[in-house]
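This report concerns only the one structure given below.
What follows draws every value from the coordinates through simple rules; no lab data is involved. What you are looking at is a predicted structure, and each value in this text was computed from that prediction instead of being measured. Please note: Cβ atoms are built from the backbone with ideal geometry, for glycine as well, and neighbour counts cover all protein chains shown.
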Amino acid sequence: MLMNAQEDAGGVRFGLKLSPNLGFATSETKELKANGSGFGYTFGLLTEFPIGSTGNYRFATGINLNNISAKWKQDFQYFDAPGQTTKKSKELTTDASLQYLEIPLTVKLMTNEIGYMRYFAQVGFGAAFNIRARADMVLPVYYENAPTIVEKFEELEKENISDDINLFKASLIVGGGLEYNFSGNTSLLAGITYNNGFTNIANFDAVPEKKADLRAHYLELTIGLFF
């Protein structure tokens with residue numbers, strides 16, 4: 001069985017994954033600050049192509065549907081009545097749920113089989129496209145006859161913010177884990193993956209005439225099955 005598993009490891013493989021993740025945002029804009037993390041999940045198709053004949057090196061790709069959390073906040077200064085000279089302060093928070101269609105482009109380095117186990121490291125890039133964006137958020141509501149003065153603050157739930165999120169997100173993918181071979185081509189995959197976003201996801205102004213710059217990241221518990 002060990003010899004058969006080694007031979008099978010050299011071919012093209014397909015599988016499925018369902019993975020919980022912990023997502024968070026970081027800010028490159030001083031007016032915005034990160035505001036914690038949130039849980040999400042990923043599911044998708046795994047595809048691996050051998051590099052060479054040993055099966056120890058593979059090009060790993062596929063297509064994933066990523067649901068990640070990104071939270072940020074802003075210290076908002078405002079007047080709440082005409083003629084005021086002292087500004088008040090209010091923390092505006094955004095708790096966003098972002099959905100991306102991602103194509104990972106990675107290289108997977110695997111050990112030889114030890115018993116029924118193979119260990120691996122994985123590194124590469126992810127190309128993701130935003131397909132949905134919703135957020136719970138706090139926004140100022142201005143007086144109709146005094147558009148620079150805040151009348152009240154409104155708490156919105158599941159607000160569509162797709163126009164405020166850039167379509168494309170690129171990321172660095174780093175991970176590692178193990179595979180357990182049950183029989184033939186059937187293997188269970190388990191590992192940890194860090195997806196480090198390095199492009200700006202924000203398409204709105206942090207303050208007038210200054211664009212926001214936010215990066216989205218997540219840590220994923222990778223669970224998959226090759227068959």
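Look at where the Cα atoms of segment 55-111 and of segment 186-212 average out, and the two centres are 5 Å apart. Straight-distance candidates among the lysines for linking to Lys210, with alpha-carbon spacing under 23 Å and chain neighbours fewer than 8 residues away dropped: Lys30, Lys33, Lys71, Lys73, Lys87, Lys88, Lys90, Lys169. The residue list Ser37, Ser27, Leu188 was ranked by how far each Cα lies along the charge dipole of segment 2-226 toward its positive end, using unit charges on Cβ atoms, and Leu188 comes out on top. Relative contact order of the chain, taken over Cα pairs closer than 8 Å and 6 or more residues apart, is 22 percent.
For the pair Leu219 and Ile63, label points projected 7 Å from Cα toward Cβ lie 3.1 nm apart. Using R0 = 41 Å, the C-beta based FRET efficiency linking Lys88 and Leu178 works out to 0.15. Shown here for segment 137-227: GluC sites (Glu not before Pro) in loop regions (DSSP other than H, G, I, E, B) with at most 12 other Cβ atoms within 10 Å, namely Glu144, Glu209.
Around the Cα centre of the chain, unit charges on the Cβ atoms of Lys, Arg, Asp and Glu (plus for the first two, minus for the last two) sum to a dipole of about 440 debye.
Between Phe49 and Ala146, 0.36 nm times their residue separation minus their Cα-Cα distance comes to what?
Length gained between Phe49 and Ala146: 28.7 nm.
Applying 1/(1 + (r/R0)^6) with r as the Cβ-Cβ distance of Glu157 and Tyr116 and R0 = 41 angstrom yields a FRET efficiency of 0.30. Taking 15 Å as the straight-line reach from the Cα of Lys211, the aspartates and glutamates in range (excluding those fewer than 8 positions away in the same chain) are Glu28, Glu31, Asp163, Asp164. For the pair Leu22 and Phe204, the difference between a 0.36 nm per residue extended length and the Cα-Cα distance amounts to 63.1 nm.
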